[in-house]
Amino acid sequence: GAGVSQSPSNKVTEKGKDVELRCDPISGHTALYWYRQSLGQGLEFLIYFQGNSAPDKSGLPSDRFSAERTGGSVSTLTIQRTQQEDSAVYLCASSSSTANNEQFFGPGTRLTVL
Amino acid sequence: GENVEQHPSTLSVQEGDSAVIKCTYSDSASNYFPWYKQELGKRPQLIIDIRSNVGEKKDQRIAVTLNKTAKHFSLHITETQPEDSAVYFCAARGTGNQFYFGTGTSLTVIP
C-alpha cells in the first residue's frame, strides 16, 4: 500500500512568513510523529499524536510551532513567523498501535527560510 | 526525559571488515531500541530493532546487542559492502511512546 507522504517536498519562504507542512500517514496508523532534522544532525522529536489522546507537544521548540491532526489521519505542522534557524528537513512518521511499533517515515519537507 | 548518545559520529572501514556503532540511553524504563539507515537524500528506514527482553538479535549481516544493566546497545555490521555506506541512527522509545534518536553515525565503506 501507499507509504507516508508529505507535502510540499521543498518550501522556500521569507523570514517572518508562516508555513504549513502536511503529512499523510499510512492508512490505519494511529500514531503520528513529527521530527526536525537539521543539516548533518540527528532527528529532533517535535510532537506525537496517538489516536484521540491529547498530543505530546513536549518537543516543540517554541510557541511559533504548532500541529494538529484532523480526524485521526492527516496532520499539519504550522510554523509562524519563520526564522532562519527553522531551516531544516521536517520528517513525519507513522506507526500502528501494535507492539511492533515500527515507524515508517515520509520523504520529508525541506524548509529554507531566507 | 530520555537522552540517547551515539558514537562514533563518523566511521570508515574497508570493504569486508566489520563496523560497530554504540549507543547509550539514560531512561531505564525504555524498552524498544530500533536502528535506522538513512541514505543520502532519502528517508530513514528501519533495519533492525530489539526489545528489552532480549539480549541479542541477528538478521543476516546485521546484529544488535543490548545490555540493560549498562544501558547501552550496539549495531554490528559484518562483511561490509559499499552499499552499507549511509548514516545510521539509533533510537530508544521512552515511557511516553516518544522516540529519542542519537545524533547519527556516518559510515563509509571503502571498496
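At a glance:
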quantity	calculated
Residues of segment B:93-103 classified as within 9 Å of chain A (Cβ to nearest Cβ) and either basic (K, R) or assigned to a loop (DSSP other than H, G, I, E, B) (or both), total	6
Residues that are open to solvent by 20 Å² or more (accessible area, probe 1.4 Å) and either among the β-branched types (V, I, T) or touching a Pro at 6+ places or on another chain (Cβ under 8 Å) (or both), drawn from segment A:45-78	A:A67, A:R69, A:T70, A:S73, A:V74, A:T76, A:T78
Single match in A:R110, A:R69 (criterion: in contact with a strand residue (DSSP E or B) (Cβ under 6 Å, 6 or more places away or on another chain), over 22 Å from B:G1 (Cα atoms) and within 12 Å of chain B (Cβ to nearest Cβ))	A:R110
Residues located in segment A:43-60, provided they are in contact with an Asp or Glu (Cβ under 8 Å, 6 or more places away or on another chain) and either part of a loop (DSSP other than H, G, I, E, B) or small (G, A, S) (or both)	A:G59
Scan of segment A:54-66 for residues that are at the interface with chain B (Cβ under 10 Å from one of its Cβ atoms) and either modelled with pLDDT of 95 or more or more than 23 Å from B:Q38 (Cα to Cα) (or both), ordered by number	A:D56, A:S58
Segments classed as strands (runs of 3 or more DSSP E), wholly inside segment B:27-76, with at least 2 members that are open to solvent by less than 80 Å² (accessible area, probe 1.4 Å) and modelled with pLDDT of 90 or more	B:32-38, B:45-51, B:62-67
Residue within segment B:21-38 that is more than 14 Å from every other protein chain (Cβ to nearest Cβ), touching a Leu at 6+ places or on another chain (Cβ under 7 Å) and in contact (Cβ under 8 Å) with a residue 12 or more places away in the chain present	no
Count - residues of segment A:79-114 that are open to solvent by 30 Å² or more (accessible area, probe 1.4 Å), part of a strand (DSSP E or B) and polar (S, T, N, Q)	1
Single residue of segment A:5-23 satisfying the filter (buried (at least 18 other Cβ atoms within 10 Å of the Cβ) and within 11 Å of the chain's Cα centre (by Cα)) that is nearest to the other protein chains (Cβ to nearest Cβ)	A:Q6
Considering residues of segment B:81-111 that are over 18 Å from B:Q45 (Cα atoms) and among the β-branched types (V, I, T) only, the residue least open to solvent (accessible area, probe 1.4 Å)	B:V109
Filtered residues of segment B:78-92 (kept if in contact with a strand residue (DSSP E or B) (Cβ under 7 Å, 6 or more places away or on another chain) and either over 14 Å from B:T10 (Cα atoms) or within 14 Å of chain A (Cβ to nearest Cβ) (or both))	B:T80, B:Q81, B:P82, B:A86, B:V87, B:Y88, B:F89, B:C90, B:A91, B:A92
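The values are calculated or read from the model by the stated rules, or taken from the named source; none is laboratory data. Nothing here was measured: the structure is a model prediction, and the numbers come from that model. Methodologically, a virtual Cβ is constructed for each residue, glycine included, from the backbone with ideal geometry; neighbour enumeration extends over all protein chains shown. The accessibility values were calculated without ligands, DNA or RNA, using every heavy atom of the protein model including side chains. Shrake-Rupley method; radii C 1.70, N 1.55, O 1.52, S 1.80 Å.
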